[in-house]
Structure formats: C-alpha cells, structure tokens
Amino acid sequence: MEVDGFEPFDEGAAGLVKNNAAKKFSKKNKKRLWKKDVEDEKEHNGFAKTACKWITVHNFASTKACVAELRREGFDIWATDLGQAAVPLGPGGPCPEVPDKLAVVFGTEATGCTDEMLGAADLRVYLPLTGFADSLNLSVAAAMVVQRILYMDPALAGAMPEGERAGLRGRWYEALARSPEEAAKYRGMLERGEVVEPFRDPRRAGEHRGGWMDKKIQRKTKERYERLEREGDK
C-alpha cells in the first residue's frame with residue numbers, strides 16, 4: 001500500500017505544531033515532532049502511536065522510482081480516484097478481478113493521486129458512497145478499500161511467500177515482548193518454528209466489555225459524573 005504525494009512535516013511544520021499547542025509542549029515530547037530525513041521509526045511514529053511497529057515502510061525518492069520497484073516485483077497497481085475512468089469496488093458495476101500481487105495507491109485528501117501515478121496505474125478504483133459526501137478521510141478510505149478487497153478475495157489474507165512470513169515473524173515476535181522473559185520465550189518459539197496464534201475472534205468477553213482506561217482517565221471520568229450528579233440535584 002502506498003500513499004502518493006505524501007511529504008513528511010519539515011522543521012517549519014514542526015514549529016507550527018509547537019506554537020499551536022504551546023500549553024501541551026514540553027521537552028519530553030519534543031522527539032515526537034517530525035523532521036526531514038530522520039530515521040524511519042521517528043518519521044512514521046506520527047501516523048499512529050503503536051501501529052507503526054507492525055507496518056513495513058519503504059521510502060522512495062520519487063513516484064517514478066516507486067512505480068519502477070513495484071513493476072520489478074511484479075505488482076499490479078490500483079489507484080484510488082474519483083474520476084469518470086474509475087470503476088467501483090462493490091455494488092454499482094462489475095467488480096474487477098484481484099491480481100495475485102496488488103499495490104493500492106491512495107493520494108492526498110485534498111487532491112488525490114498525482115497525474116503521474118494515475119497514468120501508471122493498471123486500474124483506477126473508487127468506493128461507491130451514499131449520502132451527500134463524495135470522499136472519505138484518508139485513513140477511513142484506506143481501511144474500507146483494503147477490507148473491500150479482502151471481501152472480494154478472502155484468500156489474500158496472509159498470502160505471502162514463506163521467506164517473507166518468516167522475516168515478519170522475526171520482527172513481530174520481538175515487538176510483542178513486554179519483558180525480557182517474554183522476549184526469551186518468543187525467541188525460543190521462533191527457533192522451534194512455533195507460531196504465536198493471532199486473535200480469531202475480536203469480540204470481547206462479557207466481563208471485559210467495559211474496556212480499559214488508565215487511572216488518570218478513570219479519575220476524570222468519575223469526577224465528571226459526580227459533578228453532573230451534583231448539578232442535577234440542584
């Protein structure tokens with residue numbers, strides 16, 4: 001999955017973040033600001049607090065270089081687009097056949113994919129929508145497109161060469177560990193070829209439906225409800 005036309009924040013943008021959130025800025029979270037040409041983990045931590053641990057990121061100097069690498073690896077390219085040449089992913093027209101190796105490109109929220117990427121794409125696709133909006137937030141669109149493609153071809157879930165799977169497990173098992181003991185346990189499992197089973201059912205058991213909140217949020221939530229009760233008694 002590639003995001004076309006994305007540029008990380010530069011130092012000037014980082015300064016704007018600091019000025020616009022002066023009350024929340026401190027030395028300890030200064031490292032969270034994005035800067036150009038920093039190591040990948042620091043650059044991409046801005047997307048999500050922990051999700052970046054599970055994502056393999058490849059940076060390219062240009063769209064042309066990205067397309068060339070995808071072609072070398074044998075990928076078909078689908079670009080999301082709201083132009084008349086795009087075909088729907090779902091109801092509204094014939095669904096395209098999903099290729100064995102597929103790269104889905106998402107453009108910026110404001111202007112979409114670049115003309116260069118649209119010209120290089122094998123297919124332009126869009127999500128049929130109802131209502132009054134013609135587009136979605138980028139993260140929502142990405143999630144829905146990937147889910148729709150998995151509905152179209154469920155065999156794609158987890159489909160990858162064994163060498164790539166082993167490499168991912170080597171990195172992911174280390175990231176799963178929350179203590180030296182767990183790290184040793186997962187290393188042993190990896191050496192023995194054992195698999196950490198993923199969640200098969202994401203639904204929570206009844207006793208855990210309340211979710212998790214840290215103590216600070218619990219305290220503020222409790223104070224809020226107590227204040228509402230007091231105001232209601234007046």
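The values are calculated or read from the model by the stated rules, or taken from the named source; none is laboratory data. Quick caveat: nothing in here was measured; it's all calculated off a predicted structure. Note that we place each Cβ from the backbone using ideal geometry, even for glycine, and neighbour counts take in every protein chain shown. Please note that ligands, DNA and RNA were not included when accessible areas were found on the heavy atoms of the full protein model with its side chains. Shrake-Rupley method; radii C 1.70, N 1.55, O 1.52, S 1.80 Å.
Quick notes on this structure:
- Here the calculated FRET efficiency for R71 and W172, from their Cβ-Cβ distance with R0 = 41 Å, stands at 0.90, rounded to the nearest 0.05.
- Whether segment 90-148 is rounded, prolate or oblate, judged on the alpha carbon gyration tensor where a/c under 1.5 counts as rounded: oblate
- Gyration tensor verdict on segment 141-180 (Cα atoms; rounded if a/c is under 1.5, prolate if a/b is larger than b/c, oblate otherwise): oblate
- Neighbour cut-off at most 15 other Cβ (10 Å), DSSP loop, trypsin sites (Lys or Arg not before Pro), segment 153-182: R178
- Linear extension gain, W54 paired with S179, 0.36 nm per residue minus alpha-carbon span: 43.2 nm
- Segment L138-R200, length gained on full extension (0.36 nm per residue, minus Cα span): 19.6 nm
- Two-site label geometry, A85 and E191: point separation in nm, points 7 Å out along Cα→Cβ: 5.5 nm
- Solvent-accessible surface of protein heavy atoms, probed at 1.4 angstrom with all chains present, puts E73, E197, E174 in the order E174, E197, E73, largest first.
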